[in-house]
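The values are calculated or read from the model by the stated rules, or taken from the named source; none is laboratory data. Please read these numbers as outputs of a predicted model, since none were measured by experiment. A quick note on method: Cβ atoms are made from the backbone with ideal geometry, for glycine too, and the neighbour counts reach across all protein chains shown.
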Amino acid sequence: MTGFARAAATHGAWRLAAELKCVNAKGADIRVRTPPGFDAIEAAARAIIAKVVVRGSCFATLTAQREGGESEPRINVDALVRLAEAAKRAATRAGLAPPTLDGLLGLRGIVETSEEKDDEEAMKALHAAMLAMLEAGVADLEKARLAEGAALSLVLGRRLEAIAALTEAADANPARKPEAIRARLAEQVAALTQSTRGLDESRLHQEAIILATKADIREELDRLKTHVAAAKALLGQGGAIGRRLDFLSQELGREANTLCAKSNDSSLTAQGLELKAEIEQLREQAQNIE
């Protein structure tokens, strides 16, 4: 399931922020990017997200910026002297003007700034504030995912109703009535006895009945109805049902394939193909939910 959330907070001189993005995936993949100095909370942040994200890929970016803190500039005198001497020698050999101080100070590594650092207790409090802010963002993410789940539940419900209706239509197909089956068998046996000599007519009837028994789709229809009922129960149950619903959609597809393979009537085959199409769309949607 997809979702997006953003949270922000302040803690003393620090501004904290979290951005969470979720996309569909078969498994659970949680990735957390922390700012410098916050590596210690990565595992805790992942655990907070895992409470909500059971299936899907979630990317969390945490940022922290100090505001109003004073920084103290420091000149690396040793490096400045070495650089000035080397630059002066080079300028003399090349017949150029000697380097100026402002030019040398502008070079990287000559002027350094050191920011105020928090002590251990202050950092622990800052980490706790970051995790609390993340929990608020995860709560918003859960709301977004629940809203999408509610919408998908309606779509899945309609798919299941369509599958149930097609299953009932296949069950009530006139081609499955005993008299229709007897008529087809009679035609087949008559065609064989007329075109082939030396065949035992009673034996042909027996073989035809065996073939008709093998082509019966009663078991497939019963299993389709059972799987549809189980899928509806899952939707009503809620929670993390994506994997189980995905499994049921595979079982529904297997039964529809067998129905088509056993079918000996074009109208029943057409219903089986419609079933397969609806089941495939159900399976695609099932892979998008948690």
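Annotations
- Tallying residues that are assigned to a helix (DSSP H, G or I) and closer than 21 Å to Arg55 by Cα within the range 252-290 yields 7.
- For Ala175, the conditions (1) modelled with pLDDT of 90 or more; (2) closer than 30 Å to Arg223 by Cα are fulfilled apart from (1).
- Number of residues in the range 212-245 that are part of a helix (DSSP H, G or I) and either in contact with a Phe, Trp or Tyr (Cβ under 8 Å, 6 or more places away or on another chain) or touching a residue at least 60 places away in the same chain (Cβ under 8 Å) (or both): the value is 9.
- Among the criteria (1) surrounded by 12 or more Cβ atoms within 10 Å (Cβ to Cβ); (2) part of a helix (DSSP H, G or I), the one Arg82 does not fulfil is (1).
- Restricting the range 1-51 to residues that are among the hydroxyl-bearing types (Ser, Thr, Tyr) and free of Cβ contacts under 8 Å to residues at least 60 places away in the same chain, the residue that is surrounded by the most Cβ atoms within 10 Å (Cβ to Cβ) is Thr34.
- When residues of the range 275-290 are limited to those that are of a type in the set (Asp, Glu) and surrounded by fewer than 17 Cβ atoms within 10 Å (Cβ to Cβ), the one farthest from the chain's Cα centre (by Cα): Glu280
- Exactly one residue among Arg66, Arg82, Arg74 is in contact with a Ser or Thr (Cβ under 7 Å, 6 or more places away or on another chain), over 26 Å from Lys143 (Cα atoms) and modelled with pLDDT under 90, and that residue is Arg74.
- Positions within the range 126-137 being touching a strand residue (DSSP E or B) at 6+ places or on another chain (Cβ under 7 Å) and either over 15 Å from Ala43 (Cβ atoms) or outside the structural domain of Thr63 (by TED's automatic domain parsing) (or both), in sequence order: Leu126, Ala129, Met133, Ala136, Gly137
- Gly236, sole failed condition from (1) crowded, with 16+ Cβ neighbours inside 10 Å; (2) small (Gly, Ala, Ser); (3) farther than 18 Å from Lys26 by Cβ: (1)
- Taking the range 1-77 as the region of interest, the strands (runs of 3 or more DSSP E) fully inside it that hold 1 or more residues being of a type in the set (A, V, I, L, M) and more than 22 Å from the chain's Cα centre (by Cα) are 3-11, 14-23, 56-66, 71-75.
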